[in-house]
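Since the structure comes first, as structure tokens, the remarks are kept for the end.
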Amino acid sequence: MRNSKLLKITLTAAAALTFASFAESSAKADTQADIDAITQKIKDTEKSIKEGQEKLSKLEDLQYQKSMEIDGLKKNIKARKVQLARQARAAQVNNAGSMIDFVSKSKNLSEAISRTFTVATLVHANNQAVAQQKADQEKVAADKAVVDKAAADQTQANKNFNNDLAQLAVQKTQLEVKKAKEDEAARKAAQEAEKKAREAAEKVADAKNERDAQNALKDANNAVASVTKSDNNNNDNNNNNNVAAQASTQQTSNTSAAPAAKYGSVVGYALSFQGVPYVYGGTSPSGFDCSGLVQYVFAAFGKQLPRTAGAQKAVCTPISESQLQPGDLVFWGTGHVGIYIGGGNFVHAPTTGDHVKVTSMNYYHPDSYGRVN
């Protein structure tokens, strides 16, 4: 009977030891769920950006069509003015000098009635022409206002989507940092608990009586319970930490020696310049070229960068595409540079005739990447 009880206690301790050995792989489901939710939001926002860009493209086509229509209406209005002038000259027949003279100098009643009808017809036609001219002018103004407002609204919507995308990218980075810390804390707690549980299980196996075995089993269960306690304490500590201030300290042990990104906050400022025209050699909000935009944005955060894309690349720490974080730079050789905003997108000043905008790396893929130190 005594041996049976000791056997049951030993088996229970072994089960506790097994639980402790798997504790490391349990743990941070809530944080991972948050990461998954943010990832889905990023996908949804990227879809909205794509749809918004398509809508804006259609509106820009409509603006062109309306501008052509407006040009046509202006020509019609000009032609109508010429027609009115001709009608006015035609009314002054036979050097009569005025429409009244034209009627009063009729040779007989029949001619007077005819001339009166002619004058009335001309006056009515003139009135209709003037009314139509005003209607055309109003249509020109209305068409222009509608299209311009729709394009402006869509441009603002696209900018908002891009800002949302940048914020989501930062939030995802924060959550990944949090999860990395949680996983590391859970791993250490599980190792310690496993060690204690193993020691307790050995004591159970060596116990000479039921009382010693029960005490040893209690130690094993306490060791396993410490995993849960440590896990909860770690969550509380992480929630109290200012994770946002540490979001740039990217996780994982498989990265190179590149320092963590510390300029993620430049993203929102860079996005505020969307729509600014590209100007070769431009270094101000009145017009930017690619490196001028990067230099101006980073200067606002106290970081002085060289003037050209090639020189900016030279002062960055090279990183891989998998290491990209918001605020990192993306390069095409030494001739073009942009600022990564997250979600596979970057903001840049593309080329002459274009303006500062967001572009997907799927559409225009960089060939190298750098982190501003």
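The values are calculated or read from the model by the stated rules, or taken from the named source; none is laboratory data. Keep in mind the model is a prediction, meaning the values are calculated, not measured. Note that we place each Cβ from the backbone using ideal geometry, even for glycine, and neighbour counts take in every protein chain shown. Accessible surface areas use protein heavy atoms only, side chains included; no ligands, DNA or RNA. Shrake-Rupley method; radii C 1.70, N 1.55, O 1.52, S 1.80 Å.
Annotations for the structure displayed:
- Among the conditions (1) more than 14 Å from Val330 (Cα to Cα); (2) modelled with pLDDT of 95 or more; (3) open to solvent by 40 Å² or more (accessible area, probe 1.4 Å), Tyr280 misses just one, which is (2).
- Long-range neighbours under 9 Å by Cβ, at least six apart or interchain, first residue farther than 21 Å from Cys290 by Cα within region 256-275, second modelled with pLDDT of 90 or more and open to solvent by 60 Å² or more (accessible area, probe 1.4 Å): Ser256/Pro318; Ala258/Pro318
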